[in-house]
1. Please find, within the range 5-19, the residue that is modelled with the lowest pLDDT out of those that are assigned to a helix (DSSP H, G or I) and surrounded by 13 or more Cβ atoms within 10 Å (Cβ to Cβ).
2. Among the residues of the range 149-173, write down those that are part of a loop (DSSP other than H, G, I, E, B), buried (at least 17 other Cβ atoms within 10 Å of the Cβ) and under 15 Å from the mean Cα position of the chain (by Cα).
3. Could you please let me know if residue 119 is hydrophobic (A, V, I, L, M, F, W, C), assigned to a helix (DSSP H, G or I) and at pLDDT 95 or above?
4. Which of the residues belonging to the range 118-136 are of a type outside the set (A, V, I, L, M) and touching a strand residue (DSSP E or B) at 6+ places or on another chain (Cβ under 8 Å)?
5. Identify the single condition in (1) in contact with a strand residue (DSSP E or B) (Cβ under 7 Å, 6 or more places away or on another chain); (2) at pLDDT 95 or above; (3) not hydroxyl-bearing (Ser, Thr, Tyr) that residue 73 does not satisfy, given that it satisfies every other one.
6. How about the range 57-93: which of its residues are more than 13 Å from residue 11 (Cα to Cα) and of a type in the set (Gly, Ala, Ser)?
7. Go through the range 20-56 and report how many residues are in contact (Cβ under 8 Å) with a residue 24 or more places away in the chain, assigned to a loop (DSSP other than H, G, I, E, B) and surrounded by fewer than 18 Cβ atoms within 10 Å (Cβ to Cβ).
Amino acid sequence: MKNSSEISKTSVLILAGQREGVVDPLCEMTGADRKAIIPILGKPMIDYVLEALDAAGLSRPFHISGFSADYAQGLTQAPSAPGPAGSATAAIEAGMTYPILVTTCDHALLTPEMLDSFLGQCLESDADLCVGLADKTIIQPAYPTVKRTYLNFKSQSVSGCNLFYLSNEKGLEAIRFWKRAQNYRKQPIRLAASVGFLTPILYVLGQLSLSGAFRYASKRLKINAKPILIPIAEAAIDVDKPSDLELVEVILAKRNP
């Protein structure tokens, strides 16, 4: 794996929380009491994430938020807070060492190849914060029936991959912004408006490029933020709803016949 020494020094935060008092439909369907242990082909979902992180050369202990670190050896309990951005902020502020990779327990299709692509590009970028994305031209041909939330930029549409990389303290400012704006995650125009006045106008007119959006955000937050495109369709598929679970089971069954 590229840059293996630098990557092995990267701290890992796994977000595994769920809203208290709200029954997750996937938990209800599978009988699991926590989303992290929903079975996929007879194995808890979080195990696929842990195995991918290990295979990629990342070093335990991994920090975990929203789920008990007693689940497996080599996990360290991180504090949690409402929402993924809140939990990420609380965990990082509790004293995690930079650089930090943030991912989620429902990224069951995560592979060392995805992490190699993402982290390799992050290290080459010299950015304070990197956000993993997959292009629609990669996702759509491979999975034409899968419904994804796309951010539509000039000549390009992308979907999130639940992978974030913070190289230093400045990167945390973007997570704090995410915490403030996370209610707009499914509303791209309102999200763009929270970055600046001109941004939503350009977005609506189809004149905002992906790189331009990150330049605007970087200037507003006084950091260097970069998009990282992962050329693997499965990087953008997580387990949020029953149809996702069915698809992920099919993909994993093909990987391990």
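The values are calculated or read from the model by the stated rules, or taken from the named source; none is laboratory data. If you're wondering where the values come from, they're calculated on a predicted model, not measured in any experiment. All Cβ positions, even for glycine, are placed from backbone atoms using ideal geometry, and neighbour counts span all protein chains on display.
1. At the first step, the residues of the range 5-19 found to be assigned to a helix (DSSP H, G or I) are 5-8.
Add one more test, that the residue is surrounded by 13 or more Cβ atoms within 10 Å (Cβ to Cβ), and what stays is 6-7.
On the way: 6: 78, 7: 85.
Residue satisfying both the conditions and the ranking: 6.
2. First, the residues of the range 149-173 that are part of a loop (DSSP other than H, G, I, E, B): 149-150, 154-155, 167-168.
Going one step further and asking which of them are buried (at least 17 other Cβ atoms within 10 Å of the Cβ), we end up with 150, 167.
Answer for the range 149-173, where residues must be part of a loop (DSSP other than H, G, I, E, B), buried (at least 17 other Cβ atoms within 10 Å of the Cβ) and under 15 Å from the mean Cα position of the chain (by Cα): just 150.
3. Working: hydrophobic (A, V, I, L, M, F, W, C): yes; assigned to a helix (DSSP H, G or I): yes; at pLDDT 95 or above: yes.
When the stated conditions are applied, residue 119 passes them.
4. Answer for the range 118-136, where residues must be of a type outside the set (A, V, I, L, M) and touching a strand residue (DSSP E or B) at 6+ places or on another chain (Cβ under 8 Å): 118, 121, 122, 125, 128, 130, 132, 135, 136.
5. (1)
6. Listed by number, the residues that qualify are 65, 66, 68, 69, 72, 80, 81, 83, 85, 86, 87, 90.
7. The total comes to 1.
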